[in-house]
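What follows is calculated from the coordinates using simple rules that are stated; it is not laboratory data. In this text, all values refer to a predicted model and were calculated from it rather than measured experimentally. Neighbour counts are summed over all protein chains in view; Cβ atoms, including those assigned to glycine, are modelled from backbone coordinates with ideal geometry.
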Amino acid sequence: MTTAASGAAPAPDGWPGPLAGIRVLDLSRVLAGPFVTQLLGDLGAEILKIETPGHGDDTRTFPPHLGGESHYFMALNRQKKSLVIDLAKPAGAQILRDLVARADVLVENYRPGVMQRLGLDYASLAAINPRLIYCAVSGFGLSGPLRDKPSFDIVTQAMSGMLSVNGEKGGTPVKLGVPLGDLTGGIFGSIGILSALHERHATGRGRLVDISLHDGMLAMLGYLAQLYFIGGKDPQPVGTSHPSVVPYGAFPASDGQIIIACLTQAFWGRLCEALGCPQWTDDPRFNSTAQRLANRVEVDAMIGAVTRTRTVAEWAEALTRADVPNAPVLGVGAALNHPHSQAREMVVTAVHPRVGPIRMVGRPIKFPGQAQAPLAPPPLLGEHTRDVLARELGFDAETLERLTRDGVIDRIDAGAGRG
């Protein structure tokens, strides 16, 4: 793979991943942008995170902290090198331009117009490096009447319709427990970048990638959007149930709740057998998806009356034996510690330079037959500034000291990261 980042240091141990040799400049902060670059880092790209002077990425101050390091920052910034550079200073902006000349990708999630005011927008940087792929992540994108509107995850959930379908039937809308509005930026941003990298093989040129969190959440509506297009009515919240499939959701056990997901007709017969009620299988009130939907209240009540008689563990065993999709409702800890999560290496350990051994969520993308190098811990603020600038731009000790004295690099608050 021909790349501007041919000098990127190899992973210390093992195969770095399919993006080895790709260099990414990460000017993002908080969640959406850092999730983009963390995914690229997981795949082997070298991520140079450019942080603002003072306290760096805002999330470094978000409590709780461990050894002075924020849980929030640690969750979204592994596999990265941290450089503190003041882009508002001419010398700092020039350092970035020099790094851009040797980079493949730049990711930023400032509000539209900020990078242009700094002279660091796509047009300006593409003039330096026409092969640069520039990914701009924002709440509402680079165009449209809401482009300048500030946005956070809950704003995106509300504006996309997602908030309106989450929660119990007839209840108050409930925010999704995970920040999906922001996480979609990471998912679609990384897809956009990888697509542009593929195109660059043929054209030799990079391009601007415009990622809107609002667009991403509208895309995530999936069949709910189609329900509206077909019927002209807004889908309503149904709790753990499904708007068009029955039975599907949480049912009471003697000691908790058991999830049953009977998505296809084949599973209905198996469920009836597992519940000890084979007579339901061919009952004309319940023997099709449409009939069960029409009789949802009765179906759910009948199943609930049976499931109340045994424990969650007993039902999980019986339903699994019958090959009916089911699950206990696990807490976050139980999910992370589940034997399957462990077997899939979705919990890994890295040694942080300040905190020591820390556990992290593992890589979600696997490449069977080729083990990747261990994940690196999230960086300390400014940990790699001098090493990277010396290696990539040839800055000598005198130059680095002058830039530090001038406040261009390595300006760090005494309490940075402690909140």
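Looking at the chain alone, DSSP beta bridges between its own residues are antiparallel in about 45 percent of cases.
For the chain, the residue among C262, A335, V245 whose Cα projects farthest onto the positive side of the dipole built from Cβ charges is V245. The mean of 1/r over all pairs of different alpha-carbon atoms in segment 31-162, once inverted, gives a Kirkwood hydrodynamic radius of 16.1 Å. For the residues K81, K49, K149, a GNM of the chain with alpha-carbon springs under 10 Å puts the largest fluctuation on K149. Taking other C-beta atoms within 10 Å as the exposure proxy, L227, L48, L163 rank L227, L163, L48 from fewest upward.
Panel order for Y223, Y110, by other beta carbons found within 10 Å of each beta carbon, from fewest to most: Y223, Y110. Pairs exceeding a 31 Å alpha-carbon distance, out of K89/K175; K80/K366; K89/K149; K81/K175; K149/K175; K49/K366: K89/K175; K81/K175.
Charging the Cβ of each Asp and Glu at -1 and of each Lys and Arg at +1, and nothing else, the dipole of segment 248-330 about its Cα centre rounds to 120 debye. Just want the answer: with Cβ charges of +1 for Lys and Arg and -1 for Asp and Glu, which residue in L271, V355, G206 is farthest toward the dipole's positive end in the chain? The one lying farthest along the dipole's positive direction is G206.
Given the alternatives (1) 23, 48, 25, 5, 0; (2) 30, 64, 6; (3) 17, 25, 21, 16, 11, 6, 3, 1, 0, P(r) over Cα pairs in 20 Å bins from 0, in percent as computed for this entry is given by (1). Computed over the chain, the per-residue total of -39500 (n - 2.57) for DSSP H runs of n ≥ 4 gives a 222 nm mean residue ellipticity of -10500 deg cm²/dmol, rounded to 500. Each residue of segment 344-357 was assigned a 3J(HN,Hα) from its phi angle through the Karplus expression (A = 6.51, B = -1.76, C = 1.60, θ = phi - 60°), giving 8, 6, 8, 10, 10, 10, 10, 9, 7, x, 10, 8, x, x Hz with x at Gly and Pro. Residues considered: G113, G41, G256. Largest GNM mean-square fluctuation over the chain, using C-alpha springs under 10 Å, is found at G256. Who wins for biggest fluctuation among L76, L381, L208 in a Gaussian network model of the chain, springs between alpha carbons below 10 Å? It is L208.
Rg then Dmax, both in Å and based on the Cα atoms of segment 84-144: 11.4, 34.
In terms of Cα to Cα distance under 19 Å, which aspartates and glutamates are near enough to K233, apart from those fewer than 8 places away along the same chain? Qualifying aspartates and glutamates at Cα under 19 Å: E168. In terms of the Cα gyration tensor, with a ≥ b ≥ c the square roots of its eigenvalues, is segment 291-419 rounded because a/c is under 1.5, prolate because a/b exceeds b/c, or oblate? Verdict is prolate for segment 291-419.
Averaging over all projection directions, the Cα-based convex hull of segment 248-330 occupies 4.7 nm² in the image plane.
Of the peptides 53-66, 165-178, the ranking by mean beta-carbon count within 10 Å, highest at the top, reads 53-66, 165-178.
Think of each Lys and Arg Cβ as +1 and each Asp and Glu Cβ as -1; about the Cα centre, that makes the dipole of the chain roughly 280 debye. For segment 168-217, the Cα-based Rg and Dmax, in that order, read 16.3, 55 Å.
Simple rule: put +1 on each Lys or Arg Cβ and -1 on each Asp or Glu Cβ in segment 27-164, find the dipole, and look at I95, F62, L40; the Cα lying farthest toward the positive end is I95.
Here the relative contact order of the chain, from alpha carbon pairs under 8 Å that lie six or more residues apart, stands at 21 percent.
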